[in-house]
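So the structure is just underneath, and the comments pick up after that.
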Amino acid sequence: MRIIRQIAWAIVLVVALAACGGPIGESIDGAPQIVATTGLIADVAGQIAGDRVAIIALMQPGQDPHTYEPAPADVAKLQLADLVLANGIDYEESLMPVLEELEAGGEVRIVYVSEGVDVLPGAHHHEGDEDEHDHAAGDPHTWMDPNNVLIWVDNIAGALRDIDPQGAEAYQANADAYKAELADLDAFIAGQVDAISEADRKLVTDHDALGYFAHRYGFEAVGAVIPNVTTSAEPSAADLAELVTVMREQNVKAIFVSSTVSDEMSRQVAAEIGHPVQVLQLYYTLGTPGSGADTYLDMMRVNVETIVSGLGTGS
Ligand SMILES: [Zn+2]
């Protein structure tokens, strides 16, 4: 808790200094102000920024980016920023109109880190769905395949170069080193999932968040408690009945639930199946400090170990 409080104070201080330090977007020492919407993006950007420039995360660990509503103080942080790093693909749902307005007003530069990723449709997206939560934009959870994070790295390195050309060489060196770590992560995941038989490579999640993971590592996303790419949607009784049927027919052994949402509905579904079904927690965004999932690389390693424990031959 002390660390969290110190970080919170540091953020307040930075914002306060920036606010009284002359022109908008300029801090007292002239360092650029960079705000990432989520801790996950701040972590990846921080790996590339190194010690040249600090990256502030707007959302706190444990907040669900789909349902997060910006407070006035958060909007103020965005207004003071020289650069905002966001995921896009409608991931930061409530923030998108705010970001679009700031960008249209020429107040800040916004870089969407997933720009250029080959966006997948949601696993349970049906052509013609037209309710308010129809995410025609596609599945925003691009980072569940580390190969997509290679694209993030290029986008972030480019954005940092643009606002701090003198740091270009340092950013490139950091980007290259981090890309090597992403390649190691990809190999680690591929090796770990070898422990899961072809027949058991079926993913059921709280919402459709593992599409890119499934696509990369040979899994099928057979169902979700909320059959939508956002937690802000709600399942119908028919959706839940269909999920129970699919899980029985395909002998699915686990439901994976995001660390940012309640697992209550997933537990109710698991109890309906008739064969043992584990309800296990995954991280789709960074966990709190000390969770073991407080960096992107650690988060993905923890996730794959959980998936193997739920579906592997030993389970
Ligand atoms: Zn999600």
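Some notes on this structure:
- Residues of segment 103-113 that are open to solvent by less than 40 Å² (accessible area, probe 1.4 Å) and within 24 Å of His141 (Cα to Cα): Ile110, Val111, Val113.
- Residues satisfying the stated conditions in segment 29-63, i.e. touching a Ser or Thr at 6+ places or on another chain (Cβ under 7 Å) and of a type in the set (D, E, K, R): Asp43
- Criterion (closer than 24 Å to Gly218 by Cβ, open to solvent by less than 80 Å² (accessible area, probe 1.4 Å) and touching a residue at least 40 places away in the same chain (Cβ under 8 Å)) met by exactly one of Val277, Val308: Val308
- The set of residues in segment 252-262 being over 23 Å from Thr142 (Cα atoms) and free of Cβ contacts under 8 Å to residues at least 60 places away in the same chain consists of Val252 alone.
- Of all positions in segment 226-233, at least one carries a residue that is in contact with a Leu (Cβ under 8 Å, 6 or more places away or on another chain), within 16 Å of the ligand (Cβ to nearest atom) and modelled with pLDDT under 95.
- Unmet requirement for Gly292, which otherwise passes all of (1) open to solvent by less than 40 Å² (accessible area, probe 1.4 Å); (2) without any contact (Cβ under 8 Å) to a residue 12 or more places away in the chain; (3) more than 20 Å from Leu185 (Cα to Cα): (3)
- Among residues of segment 29-79, those that are free of Cβ contacts under 8 Å to residues at least 24 places away in the same chain and of a type in the set (Asp, Glu), counted: 3
- If you go through segment 43-65 and keep only what is within 16 Å of the ligand (Cβ to nearest atom) and touching a Phe, Trp or Tyr at 6+ places or on another chain (Cβ under 7 Å), you end up with Met59, Pro65.
- Flag: Glu169 matches the condition of being over 29 Å from Val304 (Cβ atoms), at pLDDT 95 or above, open to solvent by 40 Å² or more (accessible area, probe 1.4 Å) and assigned by TED's automatic domain parsing to the domain that holds Pro32.
- Test: residue in segment 203-210 that is part of a helix (DSSP H, G or I), within 30 Å of Glu264 (Cα to Cα) and within 16 Å of the ligand (Cβ to nearest atom): no
- Criterion (more than 16 Å from the ligand (Cβ to nearest atom) and either within 18 Å of Val193 (Cα to Cα) or open to solvent by less than 40 Å² (accessible area, probe 1.4 Å) (or both)) met by exactly one of Val257, Val222: Val222
- Residue identified as open to solvent by 20 Å² or more (accessible area, probe 1.4 Å), more than 16 Å from the ligand (Cβ to nearest atom) and of a type outside the set (S, T, N, Q) among Val302, Val252, Val244: Val302
The values are calculated or read from the model by the stated rules, or taken from the named source; none is laboratory data. Quick caveat: nothing in here was measured; it's all calculated off a predicted structure. Here the Cβ is made from the backbone with ideal geometry for all residues, glycine too, and neighbour counts use every protein chain on show. Areas reflect the complete protein model, heavy atoms only, side chains present, ligands, DNA and RNA absent. Shrake-Rupley method; radii C 1.70, N 1.55, O 1.52, S 1.80 Å.
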